[in-house]
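Below: one structure, written as structure tokens.
The values are calculated or read from the model by the stated rules, or taken from the named source; none is laboratory data. Quick caveat: nothing in here was measured; it's all calculated off a predicted structure. Reconstructed Cβ throughout: ideal geometry from the backbone, glycine too, with neighbour counts over all protein chains shown. Remember, those area values only see protein heavy atoms, side chains included, never the ligands or the DNA or RNA. Shrake-Rupley method; radii C 1.70, N 1.55, O 1.52, S 1.80 Å.
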Amino acid sequence: MRLLPFVFCLLPAAISAVAPPLQPGYYAKSCPNAEFIVKDVMKKAMMREPRSGASVMRLQFHDCFVNGCDGSLLLDDTPTMLGEKLSLSNINSLRSYEVVDEIKEALESACPQTVSCADIIIMASRDAVALSGGPDWEVKLGRKDSLTASQKDSDDIMPSPRANASSLIDLFARFDLSVKDLVALSGSHSIGNGRCFSIVFRLYNQSGTGHPDPTIEPMFRRKLDKLCPLGGDGNVTGDLDFTPHVFDNQYFKDLVNGRGFLNSDETLFTFPRTRGYVRRYSEDESEFFRDFVDGMIKMGDLQSGRPGEIRRNCRVVNGQSPVEVVVGGLKDRKILSR
């Protein structure tokens, strides 16, 4: 999962001033089994497909960093709206939307139109980490779902895989996320996979030199060369660390040894301001877990304050209906306004 910074103009002070308060146990009375239902569906989904844990966790990053945590990422395109699913950082990259659909269906059966899709992302991301062997924590809930989404906003906000630590630090700082938050949240790459598309420049043309990134450990580079040959399939995936299904501090150990998959990963160790955190987390998993939880909670607090609703279907705003059409012999989903 690629970690994403902010460049949009929503500032934390403005967000908190207009957004409804979030609180633990928000659904204790209205839907007392909500968190149990989310975790149960996540557990079953990860048993079917272990990779879905990392995929669902990614959704929180990609949702919250575009106009706050409002479920806008989940909206399908409509004839009048280009949403975020086909943005440059999401197309052919994000997956497991169907897991959120399953969770929503189960919650709608238990507590109709009560639990927001935005809150589902927050709960499911937490559960994906915990079910992968990582920390568990109490989440704050009470978000509303957005009424729209914007592919342009997503394109403008998400960074390139070529991003370096210096630029990431500056961007995180705009949202009161510290250097420590940046490095700890990058540890989300403890689970999951990345695409060859995201690293081919590192292997064959780093910084336009026509040569590989010299920070890549030689044996690891040969492994990546074989996985991602020049001119090969950019959608082939590789493990983000050596234990891609276990949430642990192996990711940071790999960075120390020059085995970071993404450029934006390895640069955290080569850059002086972030190197110390990488080394500390590589040596102390419990400290990493504590700081990761703090970062996830801070990220979950980002809200736009825009009007919202509780969607009945996470893919569409209320009052619209999804229909299936056949394009070129393949089924596709389109949204038709009522």
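Numbers below:
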{"read-out": "Region 102-118: number of residues that are assigned to a helix (DSSP H, G or I) and under 14 Å from N33 (Cβ atoms)", "value": "6"}
{"read-out": "Set L107, L82, L75: member being closer than 16 Å to S146 by Cα, open to solvent by less than 10 Å² (accessible area, probe 1.4 Å) and among the hydrophobic types (A, V, I, L, M, F, W, C)", "value": "L75"}
{"read-out": "Index of the failed condition, R143 passing every other in (1) within 26 Å of Q250 (Cβ to Cβ); (2) in a loop (DSSP other than H, G, I, E, B); (3) in contact with a Gly (Cβ under 9 Å, 6 or more places away or on another chain); (4) not aromatic (F, W, Y)", "value": "(1)"}
{"read-out": "Cβ pairs under 7 Å, 6+ apart, first in region 280-299 and touching a residue at least 12 places away in the same chain (Cβ under 8 Å) and farther than 12 Å from D181 by Cα, second open to solvent by 20 Å² or more (accessible area, probe 1.4 Å) and among the β-branched types (V, I, T)", "value": "S282/V256"}
{"read-out": "Single match in F252, F247, F261 (criterion: in contact (Cβ under 8 Å) with a residue 40 or more places away in the chain and in contact with a strand residue (DSSP E or B) (Cβ under 8 Å, 6 or more places away or on another chain))", "value": "F261"}
{"read-out": "Test: residue in region 306-318 that is open to solvent by 60 Å² or more (accessible area, probe 1.4 Å) and without any contact (Cβ under 8 Å) to a residue 24 or more places away in the chain", "value": "no"}
{"read-out": "Top-ranked residue in region 21-53 [being closer than 20 Å to K144 by Cβ and surrounded by 16 or more Cβ atoms within 10 Å (Cβ to Cβ); ranked as nearest to the chain's Cα centre (by Cα)]", "value": "V38"}
{"read-out": "Cβ-Cβ under 6 Å pairs, at least 6 apart or on other chains, region 178-191 side farther than 20 Å from D241 by Cβ, far side in a helix (DSSP H, G or I) and at pLDDT below 95", "value": "V179/I169"}
{"read-out": "Pick from region 222-266, criterion in a loop (DSSP other than H, G, I, E, B) and of a type in the set (D, E, K, R), ranking: most open to solvent (accessible area, probe 1.4 Å)", "value": "D233"}
{"read-out": "Candidate set: region 136-161, residues that are of a type in the set (A, V, I, L, M, F, W, C) and modelled with pLDDT of 90 or more; chosen: the one surrounded by the most Cβ atoms within 10 Å (Cβ to Cβ)", "value": "A149"}
{"read-out": "Tally of residues being without any contact (Cβ under 8 Å) to a residue 24 or more places away in the chain and in contact with a helix residue (DSSP H, G or I) (Cβ under 6 Å, 6 or more places away or on another chain) across region 104-134", "value": "0"}
{"read-out": "Failed criterion for G133 (all others in (1) modelled with pLDDT of 95 or more; (2) open to solvent by less than 20 Å² (accessible area, probe 1.4 Å); (3) more than 20 Å from P32 (Cα to Cα); (4) not in a helix (DSSP H, G or I) hold)", "value": "(2)"}
{"read-out": "Output for region 162-190, where each listed residue is modelled with pLDDT of 95 or more and open to solvent by 20 Å² or more (accessible area, probe 1.4 Å)", "value": "S178, V179, K180"}
{"read-out": "Residue match in region 267-282 (condition: surrounded by 22 or more Cβ atoms within 10 Å (Cβ to Cβ) and among the aliphatic types (A, V, I, L, M))", "value": "yes"}
